[in-house]
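Values quoted throughout were computed directly from the atomic coordinates according to the rules given, and no laboratory measurement underlies them. Computed from a predicted model, the values in this text were never measured in an experiment. FYI the Cβ positions are ideal-geometry reconstructions off the backbone, even for glycines, and counts take in every protein chain you see.
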Amino acid sequence: MRIRSARPVRQAPSPRGFRTLAKFNFQVTDEVTIYDCSLVEAPDGRILLYGPGREGNTLSVSPTARREIIEMALAAVGSDSFDAAAA
């Protein structure tokens, strides 16, 4: 697993208090890459992982893998200021 093309996102929180922190591509294997994934900070401070698409979460991973992906993506954007409390 690798994080590719990670970039921080600087934007104000949504009206409900959610804030996109980063966008990235997630390379599962050499043959499989999931493009345009997002890390979103929830109002309670948890960091959520979203797959591509606008119709809800299209990425399903185990809690352990989700935490690992979140930590890798935060490291890739050079962020140590966010609490990596994975949801």
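So in segment 26-47, with the set limited to residues that are surrounded by 16 or more Cβ atoms within 10 Å (Cβ to Cβ) and of a type outside the set (Val, Ile, Thr), which one is farthest from the chain's Cα centre (by Cα)?
Gln27
Among the residues in segment 58-74, are any surrounded by 12 or more Cβ atoms within 10 Å (Cβ to Cβ) and of a type in the set (Ser, Thr, Tyr)?
Scanning segment 58-74 turns up at least one residue that is surrounded by 12 or more Cβ atoms within 10 Å (Cβ to Cβ) and of a type in the set (Ser, Thr, Tyr).
Are any residues in segment 24-52 part of a strand (DSSP E or B), over 12 Å from Ile69 (Cα atoms) and of a type outside the set (Val, Ile, Thr), and if so, which ones?
Tyr35, Asp36, Glu41
Let's see how each residue does on (1) under 19 Å from Thr58 (Cα atoms); (2) without any contact (Cβ under 8 Å) to a residue 24 or more places away in the chain; (3) not charged (D, E, K, R):
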residue	(1), (2), (3)
Met1	yes, no, yes
Arg4	yes, no, no
Pro8	no, no, yes
Ala12	no, yes, yes
Gly17	no, no, yes
Gln27	yes, no, yes
Thr33	yes, no, yes
Cys37	yes, no, yes
Pro43	no, no, yes
